[in-house]
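Colleague: A single structure is presented below for examination.
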Amino acid sequence: MFDVKRSYLTMMKQIPFLIAAMIGMPSTSSANAFSTAYFEAENFTSQTGGNKASTEYFPYIGEGYLEMGGQGATVTWNNITVPEAGKYTLLFKYANNTEQDRPCDLKVNGVQIKNLAFGPFTKNWETHRRGVSSDYNEENYGWAKYWMTRVIVDLQAGTNTVELTATGVQGGPHIDNIGVSTAIAEPPAPIVNVSDHGAIGDGQTDNSQAIADAIEACPTGGSVVFEPGIYMTGSVTLKANITIWISEGATIRAFQDNSKFKNFSGGFFSKYFVFGNEVDNLTITGGGAIDGNSVGTLWNSVRERNRPTLFGFANSKNVTVTNIDILNSGFWTFVPETTDGLMIDGINLLSIHGYNKDGIDPIDVQNAYITNSTVTCTDDAICPKSYDRNVGIDNLVVKNITVNSTQWKGFKFGSATHGDFTNSLFEDLAFVYCHSGLALLSVDGSNVKNLRFNRIKMSNVQTPIYFLNGTGLRTGRVGSTVEDIHVSNIEVRDVYGEQGSSIQGADVDGTVYPIKNIYLSNVDVQAFKGGVNSVPNNPQEMPRRSYPEVTVFGTYPAWGYYIRHAENVVFHNVTHSVSPEDAREAIVLVDVTGFENKGQTHPLPVETQP
């Protein structure tokens, strides 16, 4: 049967501090009207043709994934439930390790909908395999790379039946889960088509003025529509109270020319490809793509300060971004900031050429939801930040996100941490090939409290967990707190760095600012990287005004968990191994009070220092 723990009702009730944010948004046509659920594909209810639930290729969301059989194989889910009849988007998160499509016919409640291509993640796998850690299985690399395919369907209230039949000779794909989200089935009227203002989707014409004219002409509540085609343009300025409908097969693509990008006001950066300031009740959807066109060596130098950020908005309320692909940024990719009431759902984000290509960087947002998406980038994948000490981040929910690869962090709070970071949930995440899995770094004065990380899987990470109360050491605004952090149901395989995991406060001129009330439950790491032949000394304290990278501490005297300047750290059923053998202890405590290690029949030794 389906895992109904991920249903609509429990998304509303799961954690008390999220209820108000989830049900309290104003009644508008934007983020408030949105609801979503997802169902684990491995929990199919019937099948023919050799489909099976599998856990062979790690990581994945949930307890496994569906491995479809050969041509003609059919799989059925007869317990897809929604609260009321209407239009919904089905979001299939799938993997295809080949260079060909793996098409399937889709039926819903017995009605043929369409043939879904389930195309490959890439047709040049060597580009993506290059540079992965030496112990990664390159032959199977693509079975851990997921993408979303989307289709709008009619569903009835209550139970629905979804069926896929593989039609290609290679059979069907692997499917991790099926998202079900409320859909805007068509662009709301009145419609303003960009082609009516002179736009031509031929991949050559400069459509900058035509697109600007169409957006300006769109009345409140209406839609600006891009039909299939490639629309070359300079910067696009968004506005409030409209829908930008990028049809399936349509791409808004940037010119590779810095002179085509505007300088905007209102955002953290000044140069964007697509941006809006004070764009309340904005929706961007439709199934198409926004493409920054940063490929090859263009905009790939970290010293190039004129690189454009791809997509963002600021100082807004009730913004929805769903069912689009966000591709090839010159700098950070997707930067929603200072927005209250944000829904991001069903996106594929891919930005792999060059450096500093962050994925999604929410800055000073409240009541924000990021769900049912994939991220592939070269810097931090999901990276909440705060630049305003009076705003910060509150009620941020991130669920059902697969990070296919990044050269840096899978999830990172920071390093910009000026405002507080509170009352947030990160659940059902999968990271593969990341520098760090979970990084929580408060170094600019932010108070961090009441965060939950649950049901997270990682593979090939350098550092699984890196939590630091740097108490304003970078800005001099000392005294911040990091407390009440709950980490549960975490599974990690193949750690490739010797640092292990760390949980640290700070000692500033003899005054200790602890990290406290840290709870790890059902966390399993197989295996931490060993091979250190002698035990190093305790590392230096976090240096003042430095970047809080884990490497500033060097190799810790623990192969598993190094915990320093901490109060009330509780481990329950925290298991781990090391390979190869290592001279260090599994857990080292330095200036820690209230440590408990529960739930293990034979707990590994812990070294305690004053």
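The values are calculated or read from the model by the stated rules, or taken from the named source; none is laboratory data. These numbers come from a predicted model, not from an experiment. Cβ atoms come from the backbone with ideal geometry, glycine included; neighbour counts cover every protein chain shown.
Colleague: Quickly run through segment 147-201 and pick out the residues that are among the charged types (D, E, K, R) and modelled with pLDDT of 95 or more.
Modeller: Listed by number, the residues that qualify are ARG150, ASP154, GLU163, ASP176, ASP196.
Colleague: Within the bounds of segment 242-261, is there any residue that is more than 28 Å from the chain's Cα centre (by Cα) and either of a type in the set (Gly, Ala, Ser) or not assigned by TED's automatic domain parsing to the domain that holds ASP325 (or both)?
Modeller: yes
Colleague: Quick one: how many residues across segment 314-364 are on the phi < 0 side of the Ramachandran plot and assigned to a loop (DSSP other than H, G, I, E, B)?
Modeller: Residues in segment 314-364 being on the phi < 0 side of the Ramachandran plot and assigned to a loop (DSSP other than H, G, I, E, B): 15 in total.
Colleague: Of the conditions (1) within 26 Å of LYS449 (Cα to Cα); (2) in contact with a Pro (Cβ under 7 Å, 6 or more places away or on another chain), TYR547 satisfies every one except a single condition; which number is it?
Modeller: (2)
Colleague: Another question, then. So is GLY49 under 25 Å from THR371 (Cα atoms), surrounded by fewer than 22 Cβ atoms within 10 Å (Cβ to Cβ), of a type outside the set (Asp, Glu) and at pLDDT 95 or above or not?
Modeller: Against the criterion (under 25 Å from THR371 (Cα atoms), surrounded by fewer than 22 Cβ atoms within 10 Å (Cβ to Cβ), of a type outside the set (Asp, Glu) and at pLDDT 95 or above), GLY49 does not qualify.
Colleague: Among the numbered conditions (1) of a type in the set (Val, Ile, Thr); (2) without any contact (Cβ under 8 Å) to a residue 40 or more places away in the chain; (3) in contact with a His (Cβ under 9 Å, 6 or more places away or on another chain), tell me where VAL321 comes up short.
Modeller: (3)
Colleague: Given segment 188-232, what strands (runs of 3 or more DSSP E) lie entirely inside it while holding 3 or more residues that are closer than 22 Å to GLY276 by Cβ?
Modeller: 191-193, 223-226
Colleague: Can you name every residue in segment 323-335 that is farther than 25 Å from LYS87 by Cβ, of a type outside the set (A, V, I, L, M, F, W, C) and under 15 Å from the mean Cα position of the chain (by Cα)?
Modeller: THR333
Colleague: Where residues in segment 479-511 are in a strand (DSSP E or B), surrounded by 17 or more Cβ atoms within 10 Å (Cβ to Cβ) and β-branched (Val, Ile, Thr), which of them is modelled with the lowest pLDDT?
Modeller: VAL508
Colleague: Step by step: first the residues of segment 372-382, then only those that are of a type outside the set (Val, Ile, Thr) and at pLDDT 95 or above, then the one that is nearest to ILE326 (Cα to Cα). Which residue is that?
Modeller: SER373
Colleague: Looking at the structure I just gave you, is ASP420 closer than 25 Å to ASP280 by Cα and of a type in the set (Asp, Glu)?
Modeller: yes
Colleague: Let me ask another. Name the residue that is farthest from ASP176 (Cα to Cα), counting only residues in segment 79-114 that are assigned to a strand (DSSP E or B) and β-branched (Val, Ile, Thr).
Modeller: VAL111
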